[in-house]
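Shown next, in structure tokens, is the structure this report addresses.
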Amino acid sequence: MRIDGRAFRTIWLGADGASVEVIDQRALPHRFALRTLRDAGDAAAAIADMTVRGAPLIGAAGAYGLALAMAADPSDANLSTAHGALLVARPTAVNLRWALDRMRARLAPLKAGERRGAAFAEAVRIADEDAGTCERLGEHGAALIAEAWERNGRSRPVDVLTHCNAGWLAAVDWGTALAPIYKAHRAGVPVHVWVDETRPRNQGASLTAYELLGEGVPHTVVVDNVGGHLMQHGRVDLCIVGTDRTTRTGDVCNKVGTYLKALAAHDNGVPFYVALPSSTVDWRVSDGVREIPIEERSADEVTFVSGETASGAIETVRVVPRGSAVSNYAFDVTPARLVTGLITERGVCAASEAGLLSLFPGEEGDKAA
Ligand SMILES: CSC[C@@H](O)[C@@H](O)C(=O)COP(=O)(O)O
């Protein structure tokens, strides 16, 4: 997608064929910066410190990290060590394990000497496939936005509320929740996006707003707690969010605060859609609340906020008094019963095991994997 009119992806193989370039998302929206990953340790650090973030991108970064590991030492021992080290970089988004397991399955049967080239090729394939998958789910989701426009008699733009950043910065390209918006916008369907700021890291205010500006999509940044009010007053036609892990029964784990938006949507009869590539489905898990590990991040993310001062300097300031206890749960689970539908690369389905299997019939056998 575009930054200042230039097309970018979030991750790509460096020109030397031996390193990986990523957009450093910690610097946005104030500064556009790239970071070079030279080994698996760099990749694990970039995932953990959220230089790269968002479920599909974490998966692609893990795959490239394993390729960097194979370039340094293609032994069986290092394949296992690097897989383990990358896997623990962040716990909630299942795409990381999905991508690492796919890489290991591809590389393990090969001779050590064949692994470097195969690993980079597979990582590139994973990234390319993610871009294609997100574009396809965007087309399916755009149809829902077009239907909402028909429902309002084409009288006004369709108001979509989204939470966190599930746009192209969270994937390799296009994004998940924002892909339908981009597709609808490019097709001439007028869309306006309510962007939840998404405390504590403000991925909505900083990244979603930045993306939407780049693509020229009308949007308004709102504080996290205003969604219920907007829905009560008919200002939201539909919600679309992403997910970091979806159970086979259709529960969705996404950025903390998603559940409260789903409750408000349910109470107000607002359709609540979740957009996902199938790599985000964890077929081994059936109860999201009990079984999905919820990442707890540093209390500093809550205690301090960072931003640009009037003089253009980036500064971090304390907003919580010294001495108060602080906790920082990064995700929550929205039960399937609150989800109107799942927007996938194969179409839109019910948030249920039957719904998912109607689109992904071969996956049932993976339940016990
Ligand atoms: C793009 S998909 C969905 C999610 O990954 C996204 O909504 C999200 O919660 C990202 O969380 P983050 O902590 O910024 O990695």
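The values are calculated or read from the model by the stated rules, or taken from the named source; none is laboratory data. The shown structure was predicted, so the numbers you read here are calculated from the model rather than taken from an experiment. Please note: Cβ atoms are built from the backbone with ideal geometry, for glycine as well, and neighbour counts cover all protein chains shown.
Just for segment 269-299: of the residues that are surrounded by fewer than 16 Cβ atoms within 10 Å (Cβ to Cβ) and not in a loop (DSSP other than H, G, I, E, B), which one is farthest from the ligand (Cβ to nearest atom)? Applying the filter and picking the extreme gives Arg290.
Look at segment 169-210 and say how many of its residues are more than 9 Å from the ligand (Cβ to nearest atom) and either of a type in the set (Phe, Trp, Tyr) or part of a loop (DSSP other than H, G, I, E, B) (or both). Break it down stepwise before answering.
Initial filter on segment 169-210 (more than 9 Å from the ligand (Cβ to nearest atom)): 172-174, 179-197, 199-200, 202, 204-206, 208-210.
Still in the running and either of a type in the set (Phe, Trp, Tyr) or part of a loop (DSSP other than H, G, I, E, B) (or both): 172-174, 182, 187-190, 194, 197, 199-200, 202, 210.
Residues flagged as more than 9 Å from the ligand (Cβ to nearest atom) and either of a type in the set (Phe, Trp, Tyr) or part of a loop (DSSP other than H, G, I, E, B) (or both) within segment 169-210 amount to 14.
Taken as a whole, segment 57-75 holds no residue that is touching a Gly at 6+ places or on another chain (Cβ under 8 Å), closer than 23 Å to Gly204 by Cα and in contact (Cβ under 8 Å) with a residue 40 or more places away in the chain. Among the residues in segment 30-40, are any out of contact with any Asp or Glu (no Cβ under 8 Å at 6 or more places or on another chain), in contact (Cβ under 8 Å) with a residue 40 or more places away in the chain and either part of a strand (DSSP E or B) or in the same structural domain as Trp174 (by TED's automatic domain parsing) (or both)? No, segment 30-40 has no match at all. Screening Thr309, Thr344, Thr303, Thr316 for residues that are over 30 Å from Ala143 (Cβ atoms), buried (at least 17 other Cβ atoms within 10 Å of the Cβ) and modelled with pLDDT of 95 or more leaves exactly one candidate, Thr303.
Scanning segment 215-224 turns up no residue that is over 22 Å from Leu28 (Cα atoms) and in contact (Cβ under 8 Å) with a residue 40 or more places away in the chain. All conditions in (1) crowded, with 24+ Cβ neighbours inside 10 Å; (2) aliphatic (A, V, I, L, M); (3) within 27 Å of Ala264 (Cβ to Cβ) hold for Ala119, with the sole exception of (3).
When you scan segment 347-354, do you find a residue that is free of Cβ contacts under 8 Å to residues at least 60 places away in the same chain and in contact with a helix residue (DSSP H, G or I) (Cβ under 9 Å, 6 or more places away or on another chain), even just one? Lay out the reasoning, then the answer.
Initial filter on segment 347-354 (free of Cβ contacts under 8 Å to residues at least 60 places away in the same chain): 349, 354.
Retained after the next criterion (residues that are in contact with a helix residue (DSSP H, G or I) (Cβ under 9 Å, 6 or more places away or on another chain)): 349.
Scanning segment 347-354 turns up at least one residue that is free of Cβ contacts under 8 Å to residues at least 60 places away in the same chain and in contact with a helix residue (DSSP H, G or I) (Cβ under 9 Å, 6 or more places away or on another chain).
This table checks each residue for (1) under 23 Å from Ala27 (Cβ atoms); (2) away from the ligand (no atom under 13 Å from the Cβ); (3) not assigned by TED's automatic domain parsing to the domain that holds Cys164.
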{"residue": "Asp42", "(1), (2), (3)": "yes, yes, yes"}
{"residue": "Leu68", "(1), (2), (3)": "yes, yes, yes"}
{"residue": "Val88", "(1), (2), (3)": "no, yes, yes"}
{"residue": "Val94", "(1), (2), (3)": "no, no, yes"}
{"residue": "Asp101", "(1), (2), (3)": "no, yes, yes"}
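Determine whether segment 153-162 contains at least one residue that is buried (at least 24 other Cβ atoms within 10 Å of the Cβ), within 22 Å of Thr198 (Cβ to Cβ) and in contact with a Ser or Thr (Cβ under 9 Å, 6 or more places away or on another chain).
Filtering segment 153-162 down to residues buried (at least 24 other Cβ atoms within 10 Å of the Cβ) leaves 158, 160-162.
So of that shortlist, the ones also within 22 Å of Thr198 (Cβ to Cβ) come out as 158, 160-162.
After this cut, where a residue has to be in contact with a Ser or Thr (Cβ under 9 Å, 6 or more places away or on another chain) as well, the list is 162.
Yes - at least one qualifying residue is present in segment 153-162.
Across segment 127-152, the qualifying residues are those that are hydrophobic (A, V, I, L, M, F, W, C) and surrounded by fewer than 24 Cβ atoms within 10 Å (Cβ to Cβ), and the one among them that is nearest to Phe8 (Cα to Cα) is Ala131.
For segment 218-260, the set of residues classified as more than 12 Å from the ligand (Cβ to nearest atom) and part of a loop (DSSP other than H, G, I, E, B) consists of Pro218, Val223, His233, Gly234, Arg235, Val236, Asp237, Arg248, Thr249, Gly250, Asp251, listed by residue number. If you go through segment 152-168 and keep only what is within 14 Å of Val217 (Cβ to Cβ), out of contact with any strand residue (DSSP E or B) (no Cβ under 7 Å at 6 or more places or on another chain) and either acidic (Asp, Glu) or more than 13 Å from the ligand (Cβ to nearest atom) (or both), you end up with nothing.
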